[in-house]
């Protein structure tokens, strides 16, 4: 019995030693597993880090009785992200995991993602393993796979463009006033009764106002005199000429000499006469209800000779009486047209009034002055005055919001935009500006929705959508949206889309005095492999903004230069 117990103890110990030995061997040789990570280093896009990981397990490593759980882990200062694990098993294990043959080995593959945090910029991806044989477990050596995460998309400048509504200011506004003088048959005398007509009275009042207003001046005076097409052409020629003269005499007296000198009159006045107004006759007949008007119009189309026309029309006896009573008297006339230009305030005067007495300006003048005046505070004051005096004008509230956005006063901007939207809901410019506020407050999805509904507002919306697309990791789309803009973000989108040469050319034409522009140029040249350009631009960027030194020191875009003495000197 003692011999049997001794044998059983020996066998148990042998099994135990065999198990421990198998795990120890796997741990010792764990470094023989060959890993590859894509991308390497990791990259952040749209707030997410995606990775693919493959491990080639060598032959005679995976114990037939073992179960191994492999777990990728991203470690960074202050924490770690434990990623999805996978479990493999040896040939002798009865379970449902992937089997790795002892003689041939095998492979393990991962494809996953994790949300990016700023602290993850500096870190490393490693693989951990936990091996088990029966009831014994052993941690395999953690194996470092790659360093850090490239987060270049975070360089995007969140500087969406608000839009100011346009003014309709016109410094010179043209106005016209028309009137007719009618005459008795075969006469050219201006009758007193004609001068009492409403249109003549209105014309005289218009001229009087122009003469009394300092900023208004006559720009054209036209007199067109006509005779009706009945009677001889010789008579009608004389009549139309006489009517032109009497109309001119009347109008010259009305206008007077206050604003029109003899020299000016020569260029202002345009006088013409028409002996027989067949065009006017045709137009009146076409608009009449005369019973035989189709017959009359046919005569006009068949005959061009005025004598024949008149004869044929007179042959339509009954109809001619209607023409003589209703149509022909309307053609015996002189048409008077007075053109006037009203000259608005000069820019300098507008600026004075906008500040000192905005109530004297109309809405177009205020909106124009708001565009002219310098300084955001001064602009805000002008647009505020516009909202007070013209509380029903959405443009005034929108433009006040526009200035508030530029000042960073997002709360005030939202209040003004809400009022503007009440006045004109769905306007593309207002919608864009609502998107700008949302994006600056960090609400990307709301901003995106607004921008997509505001595409009619112009190129500024394209720029704003370009920013959204960089943030969403849609770099080709961003390049397309930025095609009419040469900015930092344009160059960044090109770089992220793999268009290094285009990015380099674009950043060269962007404003030079911005430190981040030089930093981005250094990044672009690091990808191109131009070491001299990297060092030169990085030096300039850090000279202009010392805070960029720490960022460059650990930026994996410059990983190929971490051991470069010049690079070390720049970032130390």
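The values are calculated or read from the model by the stated rules, or taken from the named source; none is laboratory data. Please read all numbers here as calculations on a predicted model, not as lab measurements. Reconstructed Cβ throughout: ideal geometry from the backbone, glycine too, with neighbour counts over all protein chains shown.
Miscellaneous remarks
- Subset of the stretch 484-503 [in contact (Cβ under 8 Å) with a residue 24 or more places away in the chain and closer than 23 Å to residue 460 by Cα]: 484, 485, 486, 487, 488, 489, 490, 491, 492, 493, 495, 496
- Residues that are in contact with a helix residue (DSSP H, G or I) (Cβ under 8 Å, 6 or more places away or on another chain), surrounded by fewer than 17 Cβ atoms within 10 Å (Cβ to Cβ) and either modelled with pLDDT of 85 or more or under 15 Å from residue 227 (Cβ atoms) (or both) within the stretch 304-321 comprise 306, 307, listed in sequence order.
- Exactly one residue among 370, 408 is under 24 Å from the mean Cα position of the chain (by Cα) and surrounded by fewer than 17 Cβ atoms within 10 Å (Cβ to Cβ), and that residue is 408.
- Here the stretch 78-116 is the region considered, the condition is being surrounded by fewer than 17 Cβ atoms within 10 Å (Cβ to Cβ) and within 40 Å of the chain's Cα centre (by Cα), and the residue that is farthest from residue 32 (Cα to Cα) is 115.
- Flag if residue 295 is within 17 Å of residue 180 (Cβ to Cβ), surrounded by fewer than 18 Cβ atoms within 10 Å (Cβ to Cβ) and assigned by TED's automatic domain parsing to the domain that holds residue 311: no
- Hey, residue 203 closer than 30 Å to residue 26 by Cβ, buried (at least 17 other Cβ atoms within 10 Å of the Cβ) and in contact with a strand residue (DSSP E or B) (Cβ under 8 Å, 6 or more places away or on another chain) or not: no
- Set side by side, the residues 235, 184 differ, and just one is assigned to a helix (DSSP H, G or I) and closer than 21 Å to residue 325 by Cβ, which is 235.
- If you check 476, 511 for being farther than 27 Å from residue 572 by Cβ and in a helix (DSSP H, G or I), only one passes: 476.
- Residue within the stretch 236-244 that is within 52 Å of the chain's Cα centre (by Cα) and touching a residue at least 24 places away in the same chain (Cβ under 8 Å) present: no
- Of all residues making up the stretch 76-94, the number that are assigned to a loop (DSSP other than H, G, I, E, B), closer than 23 Å to residue 116 by Cβ and without any contact (Cβ under 8 Å) to a residue 24 or more places away in the chain: 1
- Within the stretch 101-129, tally of residues that are touching a residue at least 60 places away in the same chain (Cβ under 8 Å) and outside any strand (DSSP E or B): 4
- Any hit, the stretch 496-503, residues being in a helix (DSSP H, G or I), buried (at least 22 other Cβ atoms within 10 Å of the Cβ) and out of contact with any strand residue (DSSP E or B) (no Cβ under 6 Å at 6 or more places or on another chain): yes
- Selection from the stretch 340-363 of residues that are at pLDDT 95 or above, surrounded by 15 or more Cβ atoms within 10 Å (Cβ to Cβ) and either touching a strand residue (DSSP E or B) at 6+ places or on another chain (Cβ under 6 Å) or not in a helix (DSSP H, G or I) (or both): 361
- Count - residues of the stretch 433-456 that are closer than 16 Å to residue 412 by Cα and crowded, with 16+ Cβ neighbours inside 10 Å: 8
- Against the test of being closer than 20 Å to residue 90 by Cβ and touching a strand residue (DSSP E or B) at 6+ places or on another chain (Cβ under 8 Å), the options 131, 119, 111 yield a single qualifying residue, 131.
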